[in-house]
1. Restricting the search to the range A:32-46, which residues are farther than 13 Å from A:Arg153 by Cα and not hydrophobic (A, V, I, L, M, F, W, C)?
2. Going through the range A:418-444 one residue at a time, which ones are open to solvent by 40 Å² or more (accessible area, probe 1.4 Å) and more than 7 Å from RNA strand B (Cβ to nearest atom)?
3. Show the residue pairs that are 6+ apart or on different chains and have beta-carbon atoms under 8 Å apart, the first residue being within the range A:150-163 and more than 20 Å from A:Gly37 (Cα to Cα) and open to solvent by 50 Å² or more (accessible area, probe 1.4 Å), the second being among the hydrophobic types (A, V, I, L, M, F, W, C) and at pLDDT below 90.
4. Condition (residue is within 14 Å of RNA strand B (Cβ to nearest atom) and touching a residue at least 24 places away in the same chain (Cβ under 8 Å)) applied to the range A:80-88: is it met by at least one residue?
5. Only one of (1) modelled with pLDDT of 90 or more; (2) open to solvent by 40 Å² or more (accessible area, probe 1.4 Å); (3) more than 20 Å from the chain's Cα centre (by Cα) fails for A:Ala4. Which number is that?
6. Looking only at the range A:242-267, which residues are within 17 Å of A:Ala199 (Cα to Cα), assigned to a helix (DSSP H, G or I) and either of a type in the set (Asp, Glu) or open to solvent by 40 Å² or more (accessible area, probe 1.4 Å) (or both)?
7. List the residue pairs whose Cβ atoms are under 9 Å apart, where the first residue sits in the range A:264-292 and is hydroxyl-bearing (Ser, Thr, Tyr), the second is at pLDDT 90 or above, and the two are 6 or more positions apart or on different chains.
8. Out of the residues in the range A:128-147 meeting the condition of being in contact (Cβ under 8 Å) with a residue 24 or more places away in the chain and surrounded by fewer than 17 Cβ atoms within 10 Å (Cβ to Cβ), tell me which one is nearest to A:Gly324 (Cα to Cα).
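The values are calculated or read from the model by the stated rules, or taken from the named source; none is laboratory data. The structure presented is a predicted model; accordingly, all values stated were derived computationally and were not measured. We place every Cβ from the backbone using ideal geometry, glycine too, and count neighbours over all the protein chains shown. In case anyone asks, the SASA skips ligands and DNA or RNA and just uses the protein heavy atoms, side chains included. Shrake-Rupley method; radii C 1.70, N 1.55, O 1.52, S 1.80 Å.
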Amino acid sequence: MTEAVSPMRMSQYFLPTLKEDPSEAQIVSHRLMLRAGMIRQSSAGIYSWLPLGLKVLRKVEQIVREEQDAAGCQELLMPTIQPAELWQESGRYDDYGAEMLRIRDRHDRDMLYGPTNEELITEIVRAHIRSYKDLPKLLYHIQWKFRDEVRPRFGVMRGREFLMKDSYSFNLNHEGARAAYNRMFVAYLRTFARMGLKAIPMAADTGPIGGDLSHEFIILAETGESEVFCHRDLLEFDVLDEDVDHAADLQPVVDRWTSLYAATDEKHDEAEAAKLGDALVNARGIEVGHIFYFGTKYSKAMNAAVTGPDGEQVFPEMGSYGIGVSRLVGGLIEAFHDENGIIWPESVAPFGAAVIDLKVGDVDCDAVCDDLYAKLRAAGVDPLYEDRDERAGAKFADMDLIGVPWQIVVGPRGIKNGVVEFKNRASGEREEISAESALARLTG
RNA sequence: CGGGGCGUAGCGCAGUCUGGUAGCGCAUCUGCUUUGGGAGCAGAGGGUCGGCGGUUCGAAUCCGUCCGCCCCGACCA
């Protein structure tokens, strides 16, 4: 027996969906990720990503990457395991506490599974960047982190192991640092907008440095875990409308987004908010990004100086910029779902469309489906072919559950009339159109 | 880390109080019938009842201890 290599056929694809809700999952994204066969818990706060989940994770990651690249940020990759010495240099080895997973290697050397990478990136810059002429630098990587949370919960939204994009900026002076900060600010707006999310930047604690250079990016979702308040107009802003030139001065864009009231419940100022009157929106949100300027904290502590124009030693002004990539997958589901399952925005959907063969084995149905599938594949739509020998109801339920944006339903009834059913997952709208028209809609 | 809860088949659960040789639904496998929104019938497989120790003629059930997971709080990308 020869086995056809067609991984995107449901009959062969590893997609263990569940009809019932696993009892350990409390929030909707966790439940749906388990039910849709996206993840499998390994231990508390640690998950395997099954094929469907990984596809979405990769799509999210890719959008993040593209926007970082567009902002002039250069990708590199640092290890997950770091030596304790670096953290002893910065002083954080003792400060970090039990959240840091400490490991000892066979030589009895103290290591740790990185919860973040300021020390490591500073060490790299220290070693290779000696002159002010080599600055500025904006670097990032997308790597797994580990924080030994006391209480992991909400599935991938608050795991112990998580995938994070973290960028680090190195500039000669504060003005340069602000420019880097602004670039990341705008890149973040664009990143979340491309995923169909409403992300609102909110002022965050600036720590020991002070100033106005720290923002949390909160995406709005009815089931979000924190309460947020903001001016109504912020919901109308669309950064994708704007033609962003990262080389230009982005301060006006940042100003526009930060001029209106926006605060999480912790920083909520009743008096200030009351001035908004009817324009005040009370919503729920999920933090998916955090950008932060911290000056010379690490460059000084770790002696990462460059030689300035006058031969003096200059400590670079630094900032760091995080996006919780794996958390975003959960956040997206919190933002986009209904009682039947996930509703992926097309930009992050695991499949562009599903071809649903309602009567596998029927010569006509199979022929139409085979053809549609092949053409969609050729057109780069990345279709999923639902070719299992299941009842129609089971197929529909699974397709709705995993949230494929478009479904082409091919059944004997429609074929007789020369039509297929073209269904939009988000709206539920269905149309009877020819297979050719359906194809044209998805590829045109 | 404080408080609470739960560990019984892949998933959801009953059985535990009152000890007597493990059960239901879904899923899986076989057969027949069905076939446009999670089908029906018949049959089958699958469990060291979280681990260890104790009490007892006998432990899923009682006692002790350890582990795991979940929830609330404090904390966080």
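1. Taking the range A:32-46 first, the residues farther than 13 Å from A:Arg153 by Cα are A:32-40, A:42.
The answer is A:Arg35, A:Gly37, A:Arg40, A:Ser42.
2. Of everything in the range A:418-444, those that are open to solvent by 40 Å² or more (accessible area, probe 1.4 Å) and more than 7 Å from RNA strand B (Cβ to nearest atom) turn out to be A:Gly418, A:Ala426, A:Ser427, A:Glu429, A:Glu431, A:Glu432, A:Glu436, A:Ser437, A:Ala440, A:Arg441, A:Thr443, A:Gly444.
3. A:Val150/A:Ala98
4. Looking for residues that are within 14 Å of RNA strand B (Cβ to nearest atom) and touching a residue at least 24 places away in the same chain (Cβ under 8 Å), one finds none in the range A:80-88, hence no.
5. Result: A:Ala4 passes all but (1).
6. Answer for the range A:242-267, where residues must be within 17 Å of A:Ala199 (Cα to Cα), assigned to a helix (DSSP H, G or I) and either of a type in the set (Asp, Glu) or open to solvent by 40 Å² or more (accessible area, probe 1.4 Å) (or both): A:Asp255, A:Arg256, A:Thr258.
7. A:Thr264/A:Met202; A:Thr264/A:Glu216; A:Thr264/A:Ile218; A:Thr264/A:Val228; A:Thr264/A:Phe229; A:Thr264/A:Gly285; A:Thr264/A:Glu287
8. Applying the filter and picking the extreme gives A:Trp144.
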